[in-house]
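The values are calculated or read from the model by the stated rules, or taken from the named source; none is laboratory data. Since the model is a prediction, treat every value here as computed from it, not as a measurement. Cβ atoms come from the backbone with ideal geometry, glycine included; neighbour counts cover every protein chain shown. Each accessible area value is taken on the protein alone, full model and side chains, heavy atoms only, with ligands, DNA and RNA left out. Shrake-Rupley method; radii C 1.70, N 1.55, O 1.52, S 1.80 Å.
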Amino acid sequence: MDIKETAEYLNVSVSWLYKNAKRSGLAIYRFGPGSNAKIRFKVSEVESWVKQQQVMSG
């Protein structure tokens, strides 16, 4: 998923993902150099991350 799709799936803002994804333990995959890099997330990892958050908060 791209960053916008991931933000919509998680119901967070794109800026939140940029700032907090790595810190929150959500794996980021960058394709390309520097600030122009395309950021992608694996669907299976995002789903696993969501399940892990539910366990931690519940």
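Do we have LYS22 as basic (Lys, Arg), at pLDDT 95 or above and under 9 Å from the mean Cα position of the chain (by Cα) here? In short, no. If you filter the range 11-48 down to residues that are touching a Phe, Trp or Tyr at 6+ places or on another chain (Cβ under 7 Å) and more than 15 Å from MET1 (Cβ to Cβ), you find that the one that is most open to solvent (accessible area, probe 1.4 Å) is GLY25. Looking only at residues of the range 25-34 that are at pLDDT 90 or above and out of contact with any helix residue (DSSP H, G or I) (no Cβ under 7 Å at 6 or more places or on another chain), we find that the one that is farthest from VAL46 (Cα to Cα) is PRO33.
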